[in-house]
Amino acid sequence: GLVSTDRIELKPAGGLKIIYRSNLYMQTEEFKESYDALVELIKTNEGYIQYSDISGGYTSDSGYYYEYYAYLTVRIPSDKYSSFLAHSESIATITNKTENSEDITSAYIDTEARLKSLKVQEERLLDLLKTADIMADIIEIETKLSDVRYQIESYQSQKNTFDNLLSYSTVEIELREVKNIVSPKNTFGERITTAIKDSF
């Protein structure tokens, strides 16, 4: 669950730090139209495609048609995430949708605190370096300074990763071209009944 806001140490600027992710499984009988509409929806919501893999859409030598299939990793600004999901339902038939959130408030605060502490250490070591006149002391201070700076880079990289995941929500999308869309409400039994009727 969400971290209790009663705990004062877990109240960073901007409130709780929540990462949002979702998976959309979509079917369409008109792949190109649906794909173009999806790309337009991503642009409208100021998002971008981080990864794209599109295959199919061709007929083999034996005459078998391979339907289009697209797999996308999409990044959407977190403040437009809900709007994007709501409007995606008009693009194609969503056969399955999963959503999850991850509370990283505690880890975020810990990273910020460690960064602040390390930067204070860096300043103190730089002050010591200015007054040091013995070579052995200078070498020791520079060694410690190098270690502190390495740790600063590591925690800064972690914070940058957190900031990116918080600013942009991740949506994994699978868009398939099908001859007949299987409605999510269509039960297995109903599909068998339909198949038997079609065979006649």
task = Taking the residues in the stretch 98-150 that are of a type outside the set (Gly, Ala, Ser) and closer than 30 Å to Leu24 by Cβ as candidates, determine which candidate is surrounded by the most Cβ atoms within 10 Å (Cβ to Cβ).
result = Tyr108
query = Taking the stretch 168-184, which residues are at pLDDT 95 or above and not in a strand (DSSP E or B)?
reply = none
Long-range neighbours under 8 Å by Cβ, at least six apart or interchain, first residue touching a residue at least 24 places away in the same chain (Cβ under 8 Å) within the stretch 112-126, second open to solvent by less than 60 Å² (accessible area, probe 1.4 Å) and of a type in the set (A, V, I, L, M, F, W, C) = Leu115/Ile152; Leu118/Val148; Leu118/Ile152; Lys119/Ile152; Gln121/Val148; Glu122/Leu145; Glu122/Val148; Glu122/Ile152
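Applying the selection to the stretch 145-164, what residues are touching a helix residue (DSSP H, G or I) at 6+ places or on another chain (Cβ under 6 Å) and closer than 26 Å to Leu129 by Cα?
Leu145, Val148, Gln151, Ile152, Tyr155
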ask   = Val39 passes all but one of (1) free of Cβ contacts under 8 Å to residues at least 24 places away in the same chain; (2) assigned to a strand (DSSP E or B); which number fails?
value = (2)
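The values are calculated or read from the model by the stated rules, or taken from the named source; none is laboratory data. All of these numbers come straight from a predicted model, not from anything done at the bench. Reconstructed Cβ throughout: ideal geometry from the backbone, glycine too, with neighbour counts over all protein chains shown. Remember, those area values only see protein heavy atoms, side chains included, never the ligands or the DNA or RNA. Shrake-Rupley method; radii C 1.70, N 1.55, O 1.52, S 1.80 Å.
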